[in-house]
Amino acid sequence: MARIVVAGAGVVGASVAYHLALLGADDVVLADRETIAARATSKGMGGVRQQFSTEAEVRLAQASIDFFASLGPECFLQVGYLFLATTEDGLAQLDERRELQAELGVPVERVDASLVSGLRVDDVRGAVFCRTDGVGSPVAVARELVRRAVELGVELREGTRAEELDADIVVIACGADSVELGAKLGVELPVRPLCRQLLETSPLDLPADLPMTIEAESGFHFRRRGDRLVLAMTDPEPRWTDEERVDESVIPDRLRRLAHRYLPAAGARIENAWAGLYDMTPDAHPIVDRVADGVYAACGFSGHGFMTSPAVGLALAQEILLGGADLDLSPYRLERFADGAVFPETLLL
Ligand SMILES: Cc1cc2nc3c(=O)[nH]c(=O)nc-3n(C[C@H](O)[C@H](O)[C@H](O)COP(=O)(O)OP(=O)(O)OC[C@H]3O[C@@H](n4cnc5c(N)ncnc54)[C@H](O)[C@@H]3O)c2cc1C
């Protein structure tokens, strides 16, 4: 059988390697030039949601949920995602998206936001909630996938550049570095790094079932991680750079938003902050495709690569070994960019 080298042991490469082995591939190497989960996977918020604005993105997340739910609390907590609207326009957009998501079978519902104790709701016009969404640990999931892959015979090579290995087939799963490896293999990948940051609070008294909570209009959102909250919000000006730098100037604003929205967090401080890279494509959907002879890509996840990694790993493994996947991969083909992107996902967090 052909030797398959999966480049990148982030959660995506780990999932591809695991699913290849699960489907019977017997000569798979998972190579990372650093270590397991060294880059974006270790920086992520860990959000897992099916609430997107396009069918293409809903389908990938939806096809991943059962896998996450099977992993256990170290890896995933099914606490739901709650979107709050504070304006009529915001609520109309939530409702429009909810209809699309419900048509696709996502169990998303209008709820009274006061279901979350401590949440300030007097300025909330309406809320939607999907109970099967949740939050997880990307590093724990990546490690679990690698553990299973190795158990099934995959060879793990940390500290190894994929291009140094002999291979019949290479899978590019290098996050923001996918462009670099693609260029070495003669493939131009339209992926750009976008710097994003997360802030972590001081310890707080938090309920175990706190959902990921998002203000729809501003994009400000937070989740529980242990006894702290992790906060994020889109930058006013996108930072198109591969420099992973924390902008501390936003901290007072984020703490003000948090204290306003979530009363148990009044008085919280920021004790930790880090930045990482989104691997953005022009339409914010990933590239999951055969991109040249013997070269496949799973990259361009645009900030959603953790939540879609189970479905992507399975689909790409099927594509490589069986010549086609159960999931329709046409929305994620590289060739879509030849004619311009036509269905940009707007719900970026
Ligand atoms: C701040 C932030 C918040 C996020 N929040 C979420 C979220 O809430 N939900 C969500 O789903 N996603 C989120 N993401 C995105 C998510 O973290 C990634 O999409 C996901 O981890 C998938 O990463 P990956 O495996 O594609 O890439 P990475 O984790 O970046 O892994 C790529 C690996 O490739 C290796 N590599 C590079 N070049 C080579 C080479 N030549 N040979 C071998 N190895 C190589 C690197 O060392 C690295 O380990 C967030 C990202 C950031 C930065």
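Here, each number is a calculation from the coordinates, and none is a lab measurement. Just so you know, these numbers come straight off a predicted model, no measurement behind them. All Cβ positions, even for glycine, are placed from backbone atoms using ideal geometry, and neighbour counts span all protein chains on display.
Remarks
- The angle between the Cα long axis of helix 251-261 and the main principal axis of the chain comes to about 60°, on a 0 to 90 degree scale.
- Choice from 248, 319, 215 showing the highest fluctuation, given a GNM over the chain with Cα pairs closer than 10 Å: 248
- Reciprocal of mean inverse Cα separation for the stretch 231-349 (Kirkwood radius, Å): 17.1
- For residue 158, the residues whose modelled amide H falls within less than 5 Å of its own, excluding neighbours fewer than 5 places apart on the same chain, are 32.
- Residue order for 308, 54, fewest other beta carbons within 10 angstrom first, comes to 54, 308.
- DSSP bridge orientation in the stretch 1-150 - percent antiparallel, rounded to nearest 5: 75
- Using a Förster distance of 25 Å, the FRET efficiency for residue 55-residue 34 (Cβ separation, nearest 0.05): 0.10
- Per-residue Cβ neighbour rank within 10 angstrom, fewest leading, 260, 19: 260, 19
- Annotation for the stretch 189-207 versus the stretch 10-36: alpha-carbon center distance of 26 Å.
- Relative to the longest principal axis of the Cα atoms of the chain, the long axis of helix 11-22 makes an angle of roughly 50 degrees.
- Over the stretch 270-320, the pair-distance histogram of Cα-Cα distances with 5 Å bins from zero comes to 5, 19, 23, 21, 15, 8, 5, 3, 2, 0 percent, rounded to whole numbers.
- Cα-based helix-to-principal-axis angle, 305-322 vs the chain, degrees rounded to 10: 20
- Computed E for residue 23/residue 256 - FRET, C-beta separation, R0 45 angstrom, nearest 0.05: 0.35
- By average C-beta atoms within 10 angstrom, highest first, the peptides 232-243, 189-200, 104-115, 145-156: 189-200, 145-156, 104-115, 232-243
- Sparse-neighbour loop sites [trypsin sites (Lys or Arg not before Pro); the stretch 244-349; at most 13 other C-beta within 10 Å; DSSP]: 245, 269
- In this structure, the amide hydrogen of residue 10, modeled 1.01 Å from its nitrogen in the peptide plane, lies closer than 5 angstrom to those of 37, counting only residues at least 5 positions away or on a different chain.
- The base-10 log of I(q)/I(0) for the stretch 68-142, evaluated at q = 0.12, 0.15, 0.21, 0.24 Å⁻¹, reads -0.40, -0.60, -0.93, -1.04 [Debye formula, identical scatterers on Cα atoms, solvent excluded].
- Taking every Cα-Cα distance in the chain and sorting them into 20 Å bins starting at zero, the pair-distance distribution P(r) comes out as 32, 57, 11, 0 percent.
- Computed per residue of the chain from DSSP H runs no shorter than four, each worth -39500 (n - 2.57), the mean residue ellipticity at 222 nm is -8000 deg cm²/dmol.
- Distant alpha-carbon pairs in the stretch 1-118 (separation over 18 angstrom), percent: 65
- Residues residue 218 and residue 184, FRET efficiency given R0 of 30 Å [Cβ-Cβ distance, rounded to 0.05]: 0.15
- Fraction of beta bridges assigned by DSSP in the chain that are antiparallel (%, nearest 5): 65
- From phi via Karplus (6.51, -1.76, 1.60), per-residue ³J(HN,Hα) for the stretch 180-195 in Hz, x at Gly/Pro: 4, 5, x, 4, 5, 9, x, 10, 8, 10, x, 10, 10, x, 10, 7
- Table column - 3J(HN,Hα) (Hz), the stretch 158-170, Karplus curve with 6.51, -1.76, 1.60, x for Gly and Pro: 7, x, 10, 6, 4, 5, 8, 9, 6, 8, 7, 9, 10
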